[in-house]
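Below is one structure, written out as structure tokens, with a few remarks after it.
The values are calculated or read from the model by the stated rules, or taken from the named source; none is laboratory data. Just so we're clear, the structure is a prediction, and the values are computed from it rather than from any experiment. Here the Cβ positions follow ideal geometry from the backbone for every residue, glycine too, while neighbour counts run over all protein chains shown. When the accessible area is computed, the model is the full protein with side chains, heavy atoms only, and any ligands, DNA or RNA have been set aside. Shrake-Rupley method; radii C 1.70, N 1.55, O 1.52, S 1.80 Å.
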Amino acid sequence: MQASPLASEILFHLGPVPISRPVVTTWAIMLVLGGGSWLLTRRLAVHPDRRQAVLEVVVTAISGQIRDVIGREPRSLLSLLGTLFLFLVMANLSGVLPGVKAPTAQIETPAALAVIVFVSVHWYGVRAQGLGGYLASFARPKLIMLPLNLLSEVTRTFSLMVRLFGNVMSGEFVIGLVLALAGLFVPIPLMALEILLGLVQAYIFTILATVFIGAAIGSVEKG
Amino acid sequence: MDVHSISIIAAAIAVSFGAIGPALGEGRAVAAAMDAIARQPEAAGTISRTLFVGLAMIETMAIYCLVIALLLLFANPYAG
């Protein structure tokens, strides 16, 4: 019998606060991402060397995707959505390393990310349309749609969380089961599939966050 | 039959029947996208991006069933 995927393992206590394994993994990823970005962007030049060229490819690709979705300059959204994407890629792929469990396979991390998306959707919406205009956009196309629009705000955040959690967790669960049933090298194709799924889920989470923010700032049709 | 064995059967039913609908839906979506790309290869980028987002939406239904099954197995509120 496997351990429950809904409970998280407590590693140590920081004063009265219990620190669980996904939190420690997240700290490590934050350290790698933050330190890596600091190291890589220390000496930026107009004529880029190889390291800066790779960075520019990554940043240009992400901002191009955002521009394709929302149809305007992605400058103000790039920091949030780019960080979200890079963090999710790192988090989903960290489960491949031996001894590391992906933090997105526990429900707390997807929940926190979904709350970040939920709050920033309203933040960007109010900033782009003003408070009155943003609130009025909930009553479109007719006032009778108001309860459904409000409900969809909650359910889509919930499904964002459950989708990421369910995909990553079920992948790890299946690999664990196959390893227990069949032995050492059998789950390797499943792990390759898990790498692909992790990348696709990171992409989908980011694109959906982009679509939600685009709907809130009024450049995408509300879906 | 106690609550435990009923929960195990219910979890299996939830996942197996919950997978049927999304599987049919995803098959139709991918077939339609293939058709569209074959007719208009220059629109392949937009079509596949929309397809991925749509597939994620469809797949959520299967994931909901999976979460229900896991709740039944690991966090059942009725099993003492």
With every protein chain in place, what's the accessible area of B:TYR64 (1.4 Å probe, Å², nearest 10)?
70 Å²
Run a plain Debye calculation on segment A:74-223 (Cα atoms as equal point scatterers, no solvent) and give log10 I(q)/I(0) at q = 0.18, 0.21 Å⁻¹, rounded to two decimals, same order as the q list.
-1.00, -1.24
What residue among B:ALA31, B:ALA14, B:ALA23 shows peak mean-square fluctuation when chain B is described by a Gaussian network model with Cα springs under 10 Å?
B:ALA31
Size of the dipole of the protein assembly as shown about the Cα centre, Lys and Arg at +1 and Asp and Glu at -1 on the beta carbon, nothing else charged, in debye to 20?
780 debye
Quick check: pseudo-label points 7 Å beyond the Cα along Cα→Cβ at A:GLN129 and B:THR50, how many nm apart are they?
2.3 nm
Given just the C-alpha atoms of the protein assembly as shown, how large is their convex hull per residue in cubic angstrom?
209 Å³
What translational D, rounded to a whole number of µm²/s, comes out for chain B from Stokes-Einstein when the hydrodynamic radius is the Kirkwood one over Cα pairs, at 10 °C and 1.306 mPa s?
109 µm²/s
Under 20 Å from the B:SER5 label point (7 Å along Cα→beta-carbon), backbone N, segment A:1-34:
A:1
Can you give me the distance in nm between label points at A:MET145 and A:ARG75, each placed 7 Å from the Cα along the Cα-to-Cβ direction?
3.2 nm
So what are the ³J(HN,Hα) numbers for segment A:169-180, from phi and the Karplus equation (6.51, -1.76, 1.60; θ = phi - 60°), rounded to whole Hz, Gly and Pro as x?
5, 5, x, 5, 4, 5, 4, x, 5, 5, 4, 5
Which far-off residues, 5 or more places away or on another chain, put their amide H under 5 Å from the one on A:ILE19, with H placed in the peptide plane?
A:LEU11, A:PHE12, A:HIS13, A:LEU14
Kindly write out, for segment A:58-65 in residue order, the coupling ³J(HN,Hα) from the Karplus curve 6.51 cos²θ - 1.76 cosθ + 1.60 (θ = phi - 60°), rounded to whole Hz, with x marking Gly and Pro.
4, 5, 5, 5, 5, 5, x, 4
So if R0 is 51 Å, what FRET efficiency would A:PHE12 and B:MET34 give, r being the distance between their Cβ atoms, rounded to the nearest 0.05?
0.50
Keeping all protein chains in place, calculate the accessible area per residue for chain A (probe 1.4 angstrom), answer in Å².
56 Å²
Relative contact order for chain A, counting Cα pairs under 8 Å that sit 6 or more residues apart, in percent
25 percent
What is the interface area between chains A and B, defined as buried accessible area summed over both chains with a 1.4 Å probe, reported in Å² to the nearest 100?
1600 Å²
Let me check against my output: what whole-number percent is the relative contact order of chain B, with C-alpha pairs under 8 Å and at least 6 apart?
55 percent
Tell me, what are the semi-axes, in whole angstrom and largest first, of the equivalent ellipsoid of segment A:1-113 as set by the roots of 5 times the Cα gyration tensor eigenvalues?
32, 17, 13
Report ³J(HN,Hα) in whole Hz for each residue of segment A:197-206, in order, from the Karplus equation J = 6.51 cos²θ - 1.76 cosθ + 1.60 where θ = phi - 60°; Gly and Pro get x.
5, x, 5, 5, 5, 4, 5, 5, 4, 5
Estimated dipole of chain B in Debye, rounded to 20 [Cβ of Lys and Arg +1, of Asp and Glu -1, Cα centre]:
120 debye
